[in-house]
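Structure first, commentary second.
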Ligand code: 5GP
């Protein structure tokens, strides 16, 4: 009884292992999946168990997966519930200020997100590209380099700052130079996607700054603290989120002391630094991984740039999965 192909697609926001699921009516009939997998939901007739296939899987048979409703009700399950913990963060592009973007939705249920295929049409504004990075990823550098190579196609959103303009700088080029009062007012009115303090001056990127890049039909690249993702994930921006993390050597205990960690890219790095970098990547992955479209492992600057460049090119040509709410 082959009915019409189902058009319902869900991005899984949690890992599912039927063999570990005590609730399943039949472990063998379960469909295992990982967070980020796209599932084609073949049947939603049962309230508790959907039938689904994994997109890209050669296996043609559908398996049982917990329904959204059921998964939400399993609130005791640690994978179903978003764990809330704060990132310990010392770093905003080397600054010591905390980014002031709050993430209030700490108890959001991570089950499924309905998605659809989307390809940017030639007359549509380019998607926003959002870079987030764990400690040591140096995403600002990466962003600047890729833009400098191709300034006609890519651009940064010009940030606001309260620091005085230097003589070589031009208003609206490096920054929008504003007073503390104006900055505070904008912050109050949620004009910024993120902002922070650095050496007693305020810096922030406004939503308008992104729009004005897109109005020129350029692809806007921003690098933000992951807390800002929530505000950016809108139909207007259709952000493509890239999580950059440095390739790190395994824990030193399992390696010879003579090897140079990070391939020399990071200079002298202690085992504690490495441990902190691993932790940072882990925390971002756990807390924000479900909002990430692509993980870029950064070996060194040159190869990471090349990879970023090729991702950006594909973004304009190929089809990607986006939340259905972004496409009408
Ligand atoms: P400078 O004053 O030397 O131009 O920038 C100093 C620092 O300000 C940068 O290294 C970075 O840490 C911070 N900064 C620049 N733009 C932004 C921004 O848009 N948001 C935040 N939070 N910090 C920024």
query = In nanometres, what is the gap between the two model label sites at residue 306 and residue 124, each 7 Å from Cα along Cα-to-Cβ?
reply = 3.1
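When a footprinting reagent is the concern and you count Cβ atoms within 10 Å, what order do 183, 177 take, fewest first?
Values: 183 21, 177 17.
In increasing order of surrounding Cβ atoms, one gets 177, 183.
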key: R0 of 56 Å, Cβ-Cβ distance residue 270-residue 59: FRET efficiency to nearest 0.05   = 0.75
Taking 280, 67, 310, 212 and counting other C-beta atoms within 10 Å, the order from fewest to most = 310, 212, 67, 280
key: Value of Rg/Rh across segment 117-212 [Cα atoms, Kirkwood radius]   = 1.00
Segment residue 29-residue 171, extension gain: residue separation times 0.36 nm, minus the distance between their alpha carbons = 44.9 nm
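Fewest to most neighbouring Cβ within 10 Å: what's the order for 14, 243?
Values: 14 21, 243 25.
With the fewest neighbours first, 14, 243 line up as 14, 243.
Can you work out the FRET efficiency for the pair residue 328 and residue 152, with r the C-beta to C-beta distance and R0 = 25 Å, to the nearest 0.05? Walk me through the intermediate numbers first.
Values: r = 31 Å, r/R0 = 1.22.
The pair residue 328/residue 152 has a calculated efficiency of 0.25.
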inquiry  = When 1/r is averaged over all different Cα pairs and the result inverted, which Kirkwood radius in Å belongs to segment 269-328?
reply    = 14.2
request  = Grab the alpha carbons of segment 154-257, take their convex hull, and tell me the volume per residue in Å³.
outcome  = 181
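Every number here is computed from the coordinates shown, using simple stated rules; none is lab data. Everything numeric in this text was worked out from a predicted model, so none of it was measured. As a convention, Cβ positions derive from the backbone with ideal geometry for all residues, glycine included, and neighbour counts pool all protein chains shown.
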